[in-house]
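**Q** Handing you a structure now.
What follows is calculated from the coordinates using simple rules that are stated; it is not laboratory data. Since we're looking at a predicted model, the values are computed, not measured. Here the Cβ positions follow ideal geometry from the backbone for every residue, glycine too, while neighbour counts run over all protein chains shown.
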């Protein structure tokens, strides 16, 4: 992700584009409330389906500081924690009291991105902001500071018992030959908001964002690989970089033929989605391609017929959630018809969808939402295809 969403949000406002015809085969069934509480600002969900059918939705929960008279909202908060709720009826109802995944002792944890591995374990990635004593204070100039927070990079936790207990945190390696540091004057651990994937070889593939060489706030994206279920990571190669455009929040998907396809959020390309592909198991990526449409960030899942459901937030009026059905190899990303899931959002502070396939050709897409700049909450939409 971008190192500062507040900076990023102001840099990519563009005129809305005309929506394409509805995606053939997709049908909206209903919207579902997953979690809301007027004491909390809830955002950035991810979801997995357990082998027994239980659904787990993870999200970031922070105090709703409007309750104590603070105006506006922030994506940095020292009391931002990673939590989860569960559903045993395919998303119809959810547990009311969230379970804690992890509260980092050095500050506000962000964007829990969960992936379930074939052995049933769950890996969760996050990243950290630490509150400083005053604005722009940092121990050295190679630390990125946004307002009163210093950026600490990413970390990983893992559960082997269905998200009841968690091991970690584990800190992924930095991108080689970069100068940015954390507040402890150590190389910044890699990080991102986006879905990793477990390849056919059992390894985990994770596209991370990282400050470009000599810069602290402008990012490109790179591939990291883990052979031990997310405990350690090795750098592989660049995924997308550019002299002027920036790349950040990215999800990666493995096709039936074994290609790795990265769906990338941009800054400097009129908010267009771009796509990069590896045909050699993540050793290298071909030059990125501009999809020609707006939306971010993305999540891709395989459906029963091997087609791919690609869902993304739409932060232009009308604010909401959109999706496309891609062919199994994701070659028609530029031409696949667009389907509007929600267009009733109150402001552009929404989205970040994450989806899961359900039995009987159904899909549940989760996201965070607001109406009229009101309470941020975790919702979902049930679809059929």
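**Q** Have a look at 253, 288, 210 and tell me which one the Gaussian network model of the chain (Cα, springs below 10 Å) gives the largest fluctuation.
**A** Looking only at 253, 288, 210, the largest GNM fluctuation is found for 288.
**Q** Further, regarding this structure: Per 5 Å bin, what percent of the C-alpha pairs of the stretch 152-301 does each bin hold, from zero upward?
**A** P(r) over the stretch 152-301, rounded to whole percents: 2, 10, 19, 22, 20, 15, 9, 3, 1.
**Q** Starting from the Kirkwood Rh over alpha-carbon pairs, what translational D in µm² s⁻¹ does the stretch 334-385 have by Stokes-Einstein at 37 °C and 0.692 mPa s?
**A** 269
**Q** Follow-up. Can you tell me what share of the DSSP beta bridges in the stretch 5-384 is antiparallel? A percent to the nearest 5 is fine.
**A** Taking every DSSP beta bridge with both residues in the stretch 5-384, the antiparallel ones total about 100 percent.
**Q** Still on this model: Do the sum for the chain: with -39,500 (n - 2.57) for every DSSP H run of n ≥ 4, divided by all residues, what is the mean residue ellipticity at 222 nm, to the nearest 500 deg cm²/dmol?
**A** Roughly -500 deg cm²/dmol at 222 nm, from the helical runs in the chain.
**Q** A further question on this structure: I'd like the FRET efficiency for residue 71 and residue 96, computed as 1/(1 + (r/R0)^6) with the beta carbon distance as r and R0 of 22 Å, rounded to 0.05.
**A** Taking R0 as 22 Å, the efficiency between residue 71 and residue 96 is 0.15.
**Q** Can I ask one more? Please list the three semi-axes, largest first and in whole Å, of the ellipsoid equivalent to the stretch 226-276, using sqrt of 5 times the eigenvalues of its alpha carbon gyration tensor.
**A** Rounded to whole Å, the semi-axes are 24, 15, 9.
**Q** Continuing with the same structure: Given that compact globular proteins tend to follow 2.2 N^0.38 Å, what is the ratio of the alpha-carbon Rg of the stretch 249-371 to that value?
**A** 1.03
**Q** Then there's this: Please give the direction-averaged projected area of the C-alpha convex hull for the stretch 97-141, in square nanometres with one decimal.
**A** Value for the stretch 97-141: 5.4 nm².
**Q** Here is a follow-up. Please work out, to two decimal places, the log10 of the ratio I(q)/I(0) at q = 0.17, 0.25 Å⁻¹ from a Debye calculation in which every Cα of the stretch 236-318 carries one identical scatterer.
**A** The calculated log intensity ratios at q = 0.17, 0.25 Å⁻¹ are -0.69, -1.27.
**Q** Let me check against my output: what whole-number percent is the relative contact order of the chain, with C-alpha pairs under 8 Å and at least 6 apart?
**A** In percent, rounded to a whole number, it is 17.
**Q** Something else now. Once you have the Kirkwood Rh of the stretch 19-105 from its Cα pairs, apply Stokes-Einstein at 20 °C and 1.002 mPa s and quote D in µm²/s.
**A** So the translational diffusion coefficient is about 142 µm²/s.
**Q** Just the projected area, averaged over all directions, of the convex hull on the alpha carbon atoms of the stretch 5-384: how many nm²?
**A** For the stretch 5-384, the mean projected area of the Cα convex hull comes to 17.1 nm².
**Q** Let me ask something additional. Under a GNM of the chain (C-alpha, springs under 10 Å), which listed residue has the highest mean-square fluctuation: 122, 47, 70?
**A** Taking springs between Cα atoms under 10 Å, the residue moving most is 70.
**Q** Follow-up question, since we're still on this one. Just for the Cα atoms in the stretch 93-184, what are the lengths along the principal axes, largest first, rounded to whole Å?
**A** That gives 44, 34, 19 Å along the principal axes, largest extent first.
**Q** Could you rank the peptides 226-236, 363-373 by their average count of other C-beta atoms within 10 Å per residue, with the highest value first?
**A** Averaged packing, sorted descending, gives the order 363-373, 226-236.
**Q** Over all alpha-carbon pairs in the stretch 304-346, figure out the percentage whose distance exceeds 13 Å.
**A** 53
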